[in-house]
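Accompanying notes for the structure given below.
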Amino acid sequence: MTDSGLVIDLRGHRIDSLDDFWDAVAGPCGLPDWFGRNLDAWSDTIQGRGISDVIDRHDTLVVHVDRAGMFAGNHPDAQALADIFDGAQNRLALHAS
């Protein structure tokens, strides 16, 4: 692990579903082809580590998204995803679109 943060900036990407989110983070986060594309798999990836070499090389992960699409309101998938980020080692940053 390095003493650095991994910043994934998805602002400008339309994210209407969890599938859109997985598509957007797969490349920059170095998710393997066998990644489960579900909330449990994401939790294991960012909390437990050991799944993505890219994420594992960094002390922190920050994912920036626009407050649009599924992040515009109280979408249950967006809330469930946000709850996985611990706010310290892993953070989801919402921005006005």
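The values are calculated or read from the model by the stated rules, or taken from the named source; none is laboratory data. Treat the numbers as computed from the prediction; the structure is a model and nothing was measured. FYI the Cβ positions are ideal-geometry reconstructions off the backbone, even for glycines, and counts take in every protein chain you see. With ligands, DNA and RNA removed, areas are computed over all heavy atoms of the protein, side chains included. Shrake-Rupley method; radii C 1.70, N 1.55, O 1.52, S 1.80 Å.
Mind checking which of Gly12, Ser52, Phe85 is farthest towards the positive end of the chain's charge dipole, using Cβ charges of +1 (Lys, Arg) and -1 (Asp, Glu) about the Cα centre?
Most positive-ward Cα: Gly12.
Please report, in debye to the nearest 20, how large the charge dipole of the stretch 12-97 is about its Cα centre when each Lys and Arg carries +1 at its beta carbon and each Asp and Glu carries -1 there.
240
Could you check how much of the accessible area of the chain is carbon and sulfur, as a whole percent, using a 1.4 Å probe? Don't skip to the answer; put the middle values down first.
On the way: 2360 of 5140 Å².
Here carbon and sulfur together make up 46 percent of the probe-accessible area.
On average, how much accessible surface per residue is there in the chain, in Å², for a 1.4 Å probe, leaving out ligands, DNA and RNA? Working shown, then result.
Values: 5140 Å² over 97 residues.
Result: 53 Å² of accessible area for each residue.
What percent do you get for the relative contact order of the chain when only Cα pairs under 8 Å and 6+ apart count?
Across the chain, relative contact order equals 37 percent.
May I ask you to compute the full-extension gain from Gln79 to Asp9, defined as 0.36 nm times their residue separation minus their alpha-carbon distance, rounded to one decimal in nm?
So the extension gain works out to 23.3 nm.
Quick one, can you get me the convex hull of the C-alpha atoms of the stretch 1-65 expressed as volume per residue in Å³?
Taking only Cα atoms, the stretch 1-65 has a hull volume of 74 Å³ per residue.
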